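**Student:** My questions will all concern the structure given below.
Each value in this text was obtained by applying a stated rule to the coordinates, not by laboratory testing. Not measured: the values here are computed from a predicted model. Counting neighbours? That spans all protein chains shown, and the Cβs are built from the backbone with ideal geometry, glycine included.
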Amino acid sequence: MAKQPEDFLPLSQATYYILLSLREIRHGYAIMQDVEVVSQGEVTMGPGTLYGALGKLEKQNIISKAAVEDKDRRKYYQLTELGKKVLKLEYIRLKSLVENASEIISVMEEE
């Protein structure tokens, strides 16, 4: 039986940002740069971490290589339909975590 998008959750912080970065087709170095920008410097990753994650995500059919004309022979990646669903579900999961805790945290801050 094929895996459902829910089966891939929760995502690691690095994987979440990689998938966010692939909102448009990018090559590896551009993904690393975008992750650092989008995470406001909270997440920086080296090539080993990035390419290990990309390989795993590609095997899981969450991302795929994109056909792009590039004289440098860089590999470009894009989200698959499954990848888009996984990213959206993770966003909803994280948002729910924050919303469910916000009142509790604000009460704790008043104590």
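**Student:** Find all pairs meeting these conditions: Cβ atoms under 6 angstrom apart; at least six residues apart or on different chains; first residue within the range 87-100 and closer than 13 Å to residue 6 by Cβ; second residue assigned to a helix (DSSP H, G or I).
**Tutor:** 87/19; 89/5; 90/16
**Student:** Now for a different question. For the range 53-86, which residues satisfy the criterion of being in a helix (DSSP H, G or I) and either surrounded by fewer than 10 Cβ atoms within 10 Å (Cβ to Cβ) or free of Cβ contacts under 8 Å to residues at least 24 places away in the same chain (or both)? Spell out how you get there, then give the answer.
**Tutor:** Looking only at the range 53-86, we keep the residues that are in a helix (DSSP H, G or I), and these are 53-59, 81-86.
Matches in the range 53-86: 55, 56, 58, 59, 81, 84.
**Student:** Here is a follow-up. Answer with yes or no whether residue 107 is over 17 Å from residue 32 (Cα atoms) and in contact with a strand residue (DSSP E or B) (Cβ under 7 Å, 6 or more places away or on another chain).
**Tutor:** In short, no.
**Student:** State whether the residues of the range 8-15 include one that is within 17 Å of residue 76 (Cα to Cα) and touching a helix residue (DSSP H, G or I) at 6+ places or on another chain (Cβ under 8 Å).
**Tutor:** yes
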